[in-house]
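Everything on this sheet refers to the single structure shown next.
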Amino acid sequence: MSEFIRFLQSNLDTAAVATYQHLYLSFGSVLLGMLVAVPLGIWLTDKEKLAEKVLAVTGTIQTVPGLAFLGLFLPLLGLGVVPSMTVLFLYSLLPILTNTYTGIRRVSPALIEAGMGMGMSPRQLLFMVKLPLAFPVIIAGIRIASVYIVSWATLAAFVGGGGLGDPILTGIMTADINFILMGAIPAALLALTAGWILGLVERLATPRGLRG
């Protein structure tokens, strides 16, 4: 371990750059996924048949291996950050979309009827009743997507996308465990931290009586 600490100290700049790139790739992709999946999930709540088809398509995306997916986009988008973020964005869609759709659909009809009885418009019902009640479920989807994407972002190194996959790949090619640890340990810590923070937000957003 002391050898690894000395190695890390001598390569601190490299580790910092790789970590920054990894954060950019991971959370940039999840943010894009949120901007698309949350509004789409809301829109689909009144379109059950279409929702089944959209969820099936996004579910199929999850079954494609990461490297195969990256290879598929190489002829279209080339090497670098763009194909990496495109693939990670597509992978982030399913948990966020599913939880947004499910969370809103599970809002009690009695509460919706009560809101309508008070004269609320559909927009008011959405922002004052449905979304607040579905928020913990939506956050759970974002948490799942974030943990997955932080892990999968290491694959970006195979197409020149940077991130913590770079030292891991270097370590594999040179049989140097120090490089592997320099990428693997921060990646694991980022995934755990993202899961813990969003898990805390999810817990705080859940009504006290419904907390496990």
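The values are calculated or read from the model by the stated rules, or taken from the named source; none is laboratory data. Bear in mind that the values here come from a model prediction, so they are computed numbers and not experimental data. Note: ideal-geometry Cβ built from the backbone for every residue, glycine included; neighbour counts use all protein chains shown.
Points worth noting:
- Qualifying residue in the range 162-173 (condition: over 30 Å from Thr19 (Cα atoms) and modelled with pLDDT under 90): no
- For the range 20-50, residues that are under 20 Å from Pro132 (Cα atoms), of a type outside the set (A, V, I, L, M, F, W, C) and loosely packed, with under 14 Cβ neighbours inside 10 Å total 2.
- Among the candidates Leu181, Leu200, Leu111, the residue that is under 28 Å from Leu12 (Cβ atoms) and either in a helix (DSSP H, G or I) or not polar (S, T, N, Q) (or both) is uniquely Leu181.
- Residue count for the range 82-107, restricted to those that are farther than 14 Å from Gly41 by Cα, out of contact with any Leu (no Cβ under 7 Å at 6 or more places or on another chain), in contact (Cβ under 8 Å) with a residue 12 or more places away in the chain and surrounded by fewer than 21 Cβ atoms within 10 Å (Cβ to Cβ): 1
- Unmet requirement for Leu93, which otherwise passes all of (1) closer than 18 Å to Leu35 by Cα; (2) at pLDDT below 90: (2)
- Boolean, Leu77 is surrounded by 13 or more Cβ atoms within 10 Å (Cβ to Cβ) and touching a Pro at 6+ places or on another chain (Cβ under 6 Å): yes
- Across the range 61-72, the qualifying residues are those that are more than 16 Å from the chain's Cα centre (by Cα) and buried (at least 17 other Cβ atoms within 10 Å of the Cβ), and the one among them that is modelled with the highest pLDDT is Leu70.
- Taking the range 10-60 as the range and being within 21 Å of Gly165 (Cα to Cα), over 12 Å from the mean Cα position of the chain (by Cα), polar (S, T, N, Q) and in a helix (DSSP H, G or I) as the test, the residues that pass are Ser10, Thr14, Thr19, Gln21.
- Scanning the range 80-87 turns up no residue that is closer than 18 Å to Ile139 by Cα, out of contact with any Pro (no Cβ under 8 Å at 6 or more places or on another chain) and either of a type in the set (Phe, Trp, Tyr) or modelled with pLDDT of 90 or more (or both).
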